[in-house]
1. Being open to solvent by less than 60 Å² (accessible area, probe 1.4 Å), part of a loop (DSSP other than H, G, I, E, B) and either of a type in the set (A, V, I, L, M) or touching a Ser or Thr at 6+ places or on another chain (Cβ under 7 Å) (or both) is the filter here, so list the residues in the stretch 468-482 that pass it.
2. Just name the residue that is surrounded by the fewest Cβ atoms within 10 Å (Cβ to Cβ) out of those in the stretch 281-312 that are part of a helix (DSSP H, G or I) and either in the same structural domain as P97 (by TED's automatic domain parsing) or touching a helix residue (DSSP H, G or I) at 6+ places or on another chain (Cβ under 8 Å) (or both).
3. Would you check if there is a residue in the stretch 60-80 being of a type in the set (F, W, Y) and crowded, with 19+ Cβ neighbours inside 10 Å?
4. In the stretch 136-222, which helices (runs of 4 or more DSSP H) lie fully inside it and hold 2 or more residues that are within 16 Å of the ligand (Cβ to nearest atom) and touching a residue at least 24 places away in the same chain (Cβ under 8 Å)?
5. Which residues, taken from the stretch 229-245, are touching a residue at least 24 places away in the same chain (Cβ under 8 Å) and either within 16 Å of the ligand (Cβ to nearest atom) or in the same structural domain as E374 (by TED's automatic domain parsing) (or both)?
Amino acid sequence: MSSRTLTSIVAGQSVGSGADRPDVNPSDLGDVVVVSSVADAEVASAAVAAAAEAFPGWSRTTPWQRAEVLDRAGSEVLARADELGDLLAREEGKTLPEARGEVVRAGQILKYFAGVALQPHGQALDSVRPGIEVTVTREPVGVVSIITPWNFPIAIPAWKIAPALAFGNTVVFKPADLVPGSAWELVDILNRAGLPVGALNIVLGKGSQVGPVLTGDPAISAITFTGSVETGQGILQAAAATRKKVQLELGGKNPLIVCDDADLGVAVEVAIQGSFGSTGQRCTASSVLVVTDGIHDALIEAIRARMSGWTVGDARQAGIDMGPVVDASQLEQDLRYLEIARAEGGAVIGGEVVERGTPGHYLTPALVLGTSPEHTINREEVFGPVLSVVRVADYEQALAVANASTMNLSAGICTTSLAKASHFRRASKAGMVMVNLPTAGVDFHVPFGGRGDSSYGPREQGTAAEEFFTTSKTAYVLPGTP
Ligand code: UN1
């Protein structure tokens, strides 16, 4: 059976090339989900030119016109949640409920930003000088370059594209070349929902080929990227040459503290879902479990019991808990970190490569006991279903370990003490704090982002999106006397 071929869409036109890349199902390596026609730098440049040409028109549309497009697209995404969820699970490997949930989230984000387009975004005030009126208005930035990772193939594109369009920008979008299928559907839906030609262009290509255009073309005003710290650093440096606005969402090394006074049942679920949900492939995943002495043994026993019933299998099989790792190189990275953890003195439970009915990248979840904060496993992002455990004497020590992270995206605490929860909320160095909740799993109507090496530039999503996707204009008017 030949797979469907997806092409880049530039100014509403399908642009193919001679080079094809298969999008392989990680649950069944014999299943090619779609094939993408790999764009080169020339296609990327044409996409930038198309977005630049579309900008004057789109930026002058009314908020209602922009809201209608986003709302219509949101309705289609929601109506097709089962089908798109199936596609997403098939190409990325998260379970069907996780994949469907992500599609629903994307639909909700489109609708949320339809509403945002209609909200007031500006200020009118009196000058500090007599008789003068001041207005501060928000204007679109221009052409925005959007570069997204493979782990949320539709939600992250939605939460970057929707605000970009809502505020009147035009877009050149490069999804992860590993999983272009759901991203391509999102673009198709938005274009059919009524976007003018060239307002949203998709470039299916490798970062090494199209990246220099998407970060360097002088017609681009802003770049928003989610991915690794290393790639983000490169983008920032490239963007500096033409002084583009840059928003980076990078790695996370997220601690989850469990205090002696925690509800054991809650703590087990929070730890399991936070670290093994989406196969641990989330920058918000809980990866370091910091446990105080009094609850350590009971918690580890309960987590191990829960892990023994945790099923790993084909992402689209009903009832499984966890799908496969996304590809061979990510699996190799997960196994390498487990090897390093062992060599540095950690005791690894689980983390075994297993076989299922079809060839796939199946790995059981791993718990690494007896680690200390200096161990590599506690300092670098694994991006897999791996949870390492650091045992500490008390909350003060736990806080110090949690705050030793350099990628401070999200941090969690399980406690029944209001005093500790409240103290942690203030004292944590992370951009997001979770109390009795997994470090992963966030809302779309509030700011998202981290501190330290984890983020750069204005926050994403919710009320924060305006900051990155608009630029302000301050006007002073002397009306004179009537
Ligand atoms: C979530 O935890 O709900 O790449 C979202 C990531 C993050 C998104 C996490 N930017 O994993």
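The values are calculated or read from the model by the stated rules, or taken from the named source; none is laboratory data. Only a predicted model underlies this, so the values are computations on that prediction, with no experimental measurement involved. No Cβ is skipped: glycine too gets one built from the backbone with ideal geometry, and neighbour counts run over all protein chains shown. We work out accessible area using only protein heavy atoms, side chains counted, and drop any ligands, DNA or RNA first. Shrake-Rupley method; radii C 1.70, N 1.55, O 1.52, S 1.80 Å.
1. Step one: list which residues in the stretch 468-482 are open to solvent by less than 60 Å² (accessible area, probe 1.4 Å), which gives 468-470, 475, 480.
Then drop every residue that is not part of a loop (DSSP other than H, G, I, E, B), which leaves 480.
If the condition is that a residue be open to solvent by less than 60 Å² (accessible area, probe 1.4 Å), part of a loop (DSSP other than H, G, I, E, B) and either of a type in the set (A, V, I, L, M) or touching a Ser or Thr at 6+ places or on another chain (Cβ under 7 Å) (or both), then no residue fits.
2. Residue satisfying both the conditions and the ranking: A298.
3. At the first step, the residues of the stretch 60-80 found to be of a type in the set (F, W, Y) are 64.
With the extra rule that they be crowded, with 19+ Cβ neighbours inside 10 Å, the set shrinks to none.
The answer is no; no qualifying residue exists.
4. On the way: elements: 155-166, 180-192, 207-216.
Ranges flagged: 155-166, 180-192.
5. V229, T231, G232, I235 - these are the residues of the stretch 229-245 that are touching a residue at least 24 places away in the same chain (Cβ under 8 Å) and either within 16 Å of the ligand (Cβ to nearest atom) or in the same structural domain as E374 (by TED's automatic domain parsing) (or both).
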